[in-house]
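The values are calculated or read from the model by the stated rules, or taken from the named source; none is laboratory data. In this text the structure is predicted, and so the values were computed from the model without any measurement. Quick reminder, even Gly has a Cβ in these numbers, built from the backbone with ideal geometry, and neighbours come from all protein chains shown.
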Amino acid sequence: MNLTKILTGVLLIASLFLAYQLYRSVQGTIEERKTITVTEAAIVEKLKFIREAEIVFQSVNKRYTSNWDSLANFIRSGQVPIVTRREEITQKSYGVEEVKVIIDTIGFISAKDRIFKKNYDVTSPDNGVFLGFKVKEGDRIIKNQKPYSLRVGEKVNAPPMQDEGVITKIQSIKVGTEIKKGQQLMTLTNYLFDPNIDLTTLGEVPGKSNLKFDIYVAFVEKGGLRVQVIEVKDPKPVNPIRKESNEAKNRKPLHFGSRFDISTSGNWE
């Protein structure tokens with residue numbers, strides 16, 4: 001074997017090694033980005049759930065909580081009042097009206113239902129003649145499905161759904177009935193969050209073992225009023241560009257709320 005063949009063999013091996021290293025580097029970068037994307041999506045979903053739970057907790061208790069056990073227990077067994085608001089107007093002398101706002105509690109709903117579920121009222125988009133439903137109570141509706149039809153003028157319309165969920169109520173409307181724009185046709189119920197979420201790990205950051213969200217609750221002075229603020233934050237971002245020192249809000253660690261302002265907005269929004 002001469003020197004040329006030896007050098008050729010060495011160069012080939014070196015080229016193959018460098019190509020493999022380059023492949024590993026590129027593949028590693030792709031996998032890292034994928035991991036970051038998946039992990040951050042799970043963190044955002046968890047933050048959305050915690051935010052909704054805190055908002056409902058605050059509506060009942062007039063305060064937020066920084067205790068994960070208290071929040072989890074509220075989700076499991078708390079009750080949220082259903083209230084109605086009405087106004088009574090009394091005519092006074094000289095044409096002056098006195099308006100009294102009356103708020104009544106007409107019942108209660110479980111905190112779990114209030115946090116996890118959302119109801120959507122489906123109403124008629126136009127005046128027309130009702131031509132019938134193509135679905136029944138208990139059916140699941142998906143977006144763009146056409147569950148009913150009506151005649152508007154000379155045309156038959158089957159409006160596509162903008163929301164999705166399970167039909168929990170269908171109004172009793174006979175075929176051939178004249179209906180008005182905005183008239184309620186049915187009610188959908190949909191889960192906003194996974195109903196099987198493990199509440200024992202409520203405060204834990206997804207994808208990071210033994211790490212909990214930072215939660216900050218305090219009272220501050222705003223416009224002469226004493227108000228409560230809340231901030232819940234991922235303390236150790238998996239994404240290296242997310243630093244506390246970043247000026248851009250969407251480049252800071254994933255969080256919702258603020259330590260200084262009355263806000264529950266998330267920086268992913």
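The residues on offer are SER149, SER172, and the sole one that is among the small types (Gly, Ala, Ser), without any contact (Cβ under 8 Å) to a residue 12 or more places away in the chain and over 23 Å from PHE193 (Cβ atoms) is SER172.
Going by the structure shown, is THR200 polar (S, T, N, Q), modelled with pLDDT of 90 or more, in a strand (DSSP E or B) and at negative phi?
Values: polar (S, T, N, Q): yes; modelled with pLDDT of 90 or more: yes; in a strand (DSSP E or B): no; at negative phi: yes.
So THR200 does not fit the description; no.
Conditions (1) more than 15 Å from the chain's Cα centre (by Cα); (2) assigned to a helix (DSSP H, G or I); (3) on the phi < 0 side of the Ramachandran plot; (4) surrounded by 13 or more Cβ atoms within 10 Å (Cβ to Cβ), marked per residue:
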| site | (1), (2), (3), (4) |
| --- | --- |
| THR37 | yes, yes, yes, no |
| GLU45 | no, yes, yes, yes |
| ILE50 | no, yes, yes, yes |
| ALA53 | no, yes, yes, yes |
| PHE57 | yes, yes, yes, yes |
| VAL60 | yes, yes, yes, yes |
| SER66 | yes, no, yes, yes |
| LEU71 | yes, yes, yes, yes |
| ARG76 | yes, yes, yes, no |
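TYR64 fulfils the conditions (1) more than 24 Å from LEU211 (Cα to Cα); (2) touching a strand residue (DSSP E or B) at 6+ places or on another chain (Cβ under 6 Å) except for a single criterion, (1).
Among residues of the range 15-40 that are within 26 Å of PRO253 (Cα to Cα), none has a Cβ under 7 angstrom from a residue that is among the charged types (D, E, K, R) and at pLDDT below 75 at a sequence gap of 6+ or on a separate chain.
Considered as a group, the residues in the range 242-266 that are in contact with a strand residue (DSSP E or B) (Cβ under 6 Å, 6 or more places away or on another chain) and not in a loop (DSSP other than H, G, I, E, B) include one that is surrounded by the fewest Cβ atoms within 10 Å (Cβ to Cβ), and that residue is GLY266. Given (1) in contact with a helix residue (DSSP H, G or I) (Cβ under 9 Å, 6 or more places away or on another chain); (2) part of a strand (DSSP E or B); (3) of a type in the set (Asp, Glu), where does GLU231 come up short, assuming only one miss? Among (1) in contact with a helix residue (DSSP H, G or I) (Cβ under 9 Å, 6 or more places away or on another chain); (2) part of a strand (DSSP E or B); (3) of a type in the set (Asp, Glu), the lone unmet condition for GLU231 is (1).
Among the residues of the range 41-68, the one identified as free of Cβ contacts under 8 Å to residues at least 12 places away in the same chain and among the small types (Gly, Ala, Ser) is ALA41.
So is GLN27 farther than 23 Å from ASP214 by Cβ and either surrounded by 13 or more Cβ atoms within 10 Å (Cβ to Cβ) or modelled with pLDDT under 95 (or both) or not?
Numbers: farther than 23 Å from ASP214 by Cβ: yes; either surrounded by 13 or more Cβ atoms within 10 Å (Cβ to Cβ) or modelled with pLDDT under 95 (or both): yes.
Yes; evaluated as a whole, the condition is true for this residue.
Given (1) part of a loop (DSSP other than H, G, I, E, B); (2) touching a strand residue (DSSP E or B) at 6+ places or on another chain (Cβ under 6 Å); (3) under 28 Å from PHE116 (Cα atoms), where does ILE173 come up short, assuming only one miss? All conditions pass for ILE173, except number (3).
Return the residues of the range 199-217 that are over 22 Å from the mean Cα position of the chain (by Cα) and either surrounded by 13 or more Cβ atoms within 10 Å (Cβ to Cβ) or in contact (Cβ under 8 Å) with a residue 60 or more places away in the chain (or both); say none if nothing qualifies. Across the range 199-217, the qualifying residue is only LEU211. Selection of the range 181-198 for residues being over 17 Å from the mean Cα position of the chain (by Cα) and either more than 15 Å from ASP139 (Cα to Cα) or among the polar types (S, T, N, Q) (or both) yields LYS181, GLY182, GLN183, GLN184, THR187, ASP198.
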